[in-house]
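What follows is a single structure, written as structure tokens, with notes after it.
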Amino acid sequence: MASWYGGPEWHGRRTSSGAIYDQNALTAAHATLPIGTRVRVALAGAKRDVVVTINDRPGTRTRIIDLSRGAAQALGILDRGVARVTLTSL
């Protein structure tokens, strides 16, 4: 399962990598993949995917990946908030 994070409380803050969080960028937080890893995130049961760069660590490990708002929008999951996905490290 994937979720997304963004909004005024996150936008502009530093990520775990030291980069400034841009909620509209195609980035994500993952607990174990190395910072800088590019990952294809595919929406289960749909022909939709997005490539994101890992630049943060999640605050919780209840989901496999936390997507930026921009990545969630590209996948079409903003309204749902969470979705089943598959990840492929590139």
Problem set entry | Scope region 2-23; condition under 11 Å from the mean Cα position of the chain (by Cα) and either part of a loop (DSSP other than H, G, I, E, B) or without any contact (Cβ under 8 Å) to a residue 12 or more places away in the chain (or both); matching residues | GLY6, GLN23
Problem set entry | Candidate set: region 70-90, residues that are part of a loop (DSSP other than H, G, I, E, B) and small (Gly, Ala, Ser); chosen: the one least open to solvent (accessible area, probe 1.4 Å) | GLY81
Problem set entry | Residue in region 32-54 that is farthest from ASP22 (Cα to Cα), counting only those that are assigned to a strand (DSSP E or B) and open to solvent by 20 Å² or more (accessible area, probe 1.4 Å) | ALA42
Exercise. Going through region 29-48 one residue at a time, which ones are closer than 12 Å to ALA83 by Cβ and more than 12 Å from the chain's Cα centre (by Cα)?
Worked result: LEU43, ALA44, GLY45, ALA46, ARG48
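Per-residue answers, yes or no, for (1) of a type in the set (Gly, Ala, Ser); (2) touching a Pro at 6+ places or on another chain (Cβ under 8 Å):
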{"site": "ALA31", "(1), (2)": "yes, yes"}
{"site": "VAL52", "(1), (2)": "no, no"}
{"site": "GLN73", "(1), (2)": "no, no"}
{"site": "GLY81", "(1), (2)": "yes, no"}
Exercise. Out of (1) closer than 17 Å to THR88 by Cβ; (2) open to solvent by 40 Å² or more (accessible area, probe 1.4 Å); (3) aliphatic (A, V, I, L, M), what's the single condition that is false for ILE20?
Worked result: (1)
Problem set entry | Condition check for LEU67: buried (at least 18 other Cβ atoms within 10 Å of the Cβ) and either outside any strand (DSSP E or B) or out of contact with any His (no Cβ under 9 Å at 6 or more places or on another chain) (or both) | yes
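The values are calculated or read from the model by the stated rules, or taken from the named source; none is laboratory data. Keep in mind it's a predicted model, so treat the numbers as computed, not measured. A quick note on method: Cβ atoms are made from the backbone with ideal geometry, for glycine too, and the neighbour counts reach across all protein chains shown. We work out accessible area using only protein heavy atoms, side chains counted, and drop any ligands, DNA or RNA first. Shrake-Rupley method; radii C 1.70, N 1.55, O 1.52, S 1.80 Å.
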